[in-house]
Amino acid sequence: MLETATAGGRLVVFSGPSGSGKDTVLPIVLAGDPSLRKSVSFTTRTPRMGEVDGVDYFFLTPKEFLDKLAAGQVLEYAEYGDHYYGTPKDAVDAALSRGENVVLKIEVQGAARIRALYPDAITIFLLPPSMEILEQRLRARDTDSEYEIATRLSIAREELRRQNEYRHHVVNDDAHAAAARVLKILHDAR
Ligand code: 5GP
């Protein structure tokens, strides 16, 4: 289990391009360490099949998002594709002060902002075994339009170029093996 300083919990930044398998690996990681809490982000994109408001994301209109931003309720945010994504500030502050370790599943621009605000954040980048496999996974998901897949692929290439901004790198060849490597990184970060 990730040991926390008495002052509060640690932030864990978990990134990786769309199709790297973050949504498969992260639940296994969370189940493996009860000190971890996943932050639920705001987004202006529409829910995918099976996604639940308040669990996967808080789904907002652009106006609702911009109002929260103006009110200082967003810790970091990014525009990704045609949508806004942001981390709720109050929920993260409250969880950290309860001593919980908070996992942010965010993209590279938001991660850079978090590193500036919280230099002791643990940063982990999940990699696909190859670009071909990443594209196959994005297509197999079958929820996104061709336009959206093309956008995600071009963002993925840019994100892969920025992987060295992260302290730790994990290749997702197998979800359980990758999750075990993430848990070891968190354990060793004590
Ligand atoms: P998706 O639409 O696939 O759920 O998410 C698209 C990208 O946005 C992913 O890389 C995801 O990690 C990132 N993302 C989700 N929530 C946030 C957030 O609150 N802030 C930032 N900066 N990125 C986020």
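The values are calculated or read from the model by the stated rules, or taken from the named source; none is laboratory data. What you see is a predicted model, and the numbers here were worked out from it, not measured in a lab. Cβ sites come from the backbone with ideal geometry, for glycine too, and all protein chains shown count toward neighbours. Note: areas computed on protein heavy atoms with side chains; ligands, DNA, RNA excluded. Shrake-Rupley method; radii C 1.70, N 1.55, O 1.52, S 1.80 Å.
Sort Leu30, Leu127 by accessible area with a 1.4 Å probe, largest first.
So the residues, ranked largest to smallest area, are Leu30, Leu127.
Sort the following peptides by mean Cβ neighbour count (other Cβ atoms within 10 Å, averaged over residues), highest first: 103-115, 82-94. Please list the in-between numbers first.
Working: 103-115: 20.6, 82-94: 17.0.
Averaged packing, sorted descending, gives the order 103-115, 82-94.
Roughly how many debye, to the nearest 20, is the charge dipole of segment 25-121 about its Cα centre, given +1 on each Lys and Arg Cβ, -1 on each Asp and Glu Cβ, and no other charges? Spell out each step's value before the answer.
Working: 11 positive and 14 negative charges, 16 e Å.
For this selection, approximately 80 debye.
For the chain, rounded, prolate or oblate, judged on the Cα gyration tensor with a ≥ b ≥ c (square roots of eigenvalues), a/c < 1.5 rounded, else prolate if a/b > b/c? Spell out each step's value before the answer.
Numbers: a/c = 1.65, a/b = 1.10, b/c = 1.49.
Since a/c reaches 1.5 but b/c is at least a/b, the shape of the chain is classed as oblate.
Between Asp188 and Arg167, what length in nm is gained on full extension when 0.36 nm per residue of separation is reduced by their alpha carbon distance?
Values: separation 21, 0.36 × 21 = 7.56 nm, distance 1.28 nm.
Net length gain for the segment: 6.3 nm.
Whenever you get a sec, line up Arg167, Arg37, Arg48, Arg137 from highest to lowest accessible area (probe 1.4 Å, protein heavy atoms).
The residues order as Arg167, Arg37, Arg137, Arg48, largest area first.
Considering only lysines 8 or more places apart in sequence, or on different chains, count the pairs in the chain whose C-alpha atoms sit under 13 Å apart.
Final tally of qualifying lysine pairs is 4.
List the relative contact order of the chain as a percent without decimals, with contacts defined as Cα pairs under 8 Å and 6+ residues apart.
About 36 percent, as a whole number.
Mind checking which of Asn172, Asn101, Asn164 has the largest fluctuation in a GNM of the chain, springs on alpha carbons under 10 Å?
Maximum fluctuation in the GNM of the chain, among the listed residues, is at Asn164.
Please give, to one decimal in nm, the separation of the simple spin-label points placed at Ile155 and Arg48, each 7 Å out from Cα toward the Cβ.
Taking the two extended label points, one gets 1.2 nm.
Solvent-accessible area of Phe58, probe 1.4 Å, all protein chains present, reported in Å² to the nearest ten, please.
Approximately 80 Å² of Phe58 is accessible to the 1.4 Å probe.
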